[in-house]
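Working notes for the structure below.
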Amino acid sequence: MQGFLDSDGSVFKDRGKIRVNFTSVNLELLEDIQDLLYALEIKNSIVIHQKEYTSKHGIHSLQSYRINIAKEDNLKLSEFAIYESRKIKLLKESTSVSKSKMNIKFVNNCVWLKVEDIAEDVYTGTVYNFECDTHTFACRCIMTHNCDPLTDQRV
């Protein structure tokens, strides 16, 4: 974790507060880092950092993503440091006691995220139902449930 922080991570002062984030074009890598952070009970969120684009000079950039660490968990992240790098020293200067707006709770080794929005949409394609004995399974650390089989009622 610390190697990634030192290479693709940022630790900087923003309006007197220490901020920490990780940036990459590899969303799967950031999701794995997010899982590690959740295991350490460090609140974080993944956002799109920059959309894919081609500059007027023909230079192509892929879409990139960023993990933002909750300010209140900066010191917690520094506790897992293996060596004293420049970024870890700056992290240890963090005095932020303000609560983050991230609505994340850690309860009994589980991560609880508040559902912020539900959007309904009409879908006319094929739906694949992954069926198992309990009708419940996990997809990237999210508990899901089978949909009920629907018989084809077309004539």
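Roughly speaking, what is the centre-to-centre gap between segment 64-101 and segment 15-36 when only Cα atoms are used, to the nearest Å?
Comparing the Cα centres of segment 64-101 and segment 15-36, I get a distance of 11 Å.
State the answer as a single residue: which of N109, I67, T136 lies farthest towards the positive end of the charge dipole of the chain, with beta carbon charges of +1 for Lys and Arg and -1 for Asp and Glu, about the Cα centre.
Sorting the options by dipole projection puts first I67.
Enumerate the lysines that K76 could reach by cross-link, defined here as Cα to Cα under 30 Å, with residues fewer than 8 away along the same chain left out.
K13, K17, K43, K87, K89, K92, K99, K101, K105, K114
Grab the beta carbon distance between N109 and E28, set R0 = 22 Å, and tell me the FRET efficiency rounded to 0.05.
Details: r = 23 Å, r/R0 = 1.06.
For N109 and E28, the calculated efficiency is 0.40.
Every number in this text was worked out from the coordinates using simple rules, so none of it is lab data. These figures come from a predicted structure and were not determined experimentally. Positions of Cβ are backbone-derived with ideal geometry, glycine not excepted, and every protein chain shown enters the neighbour counts.
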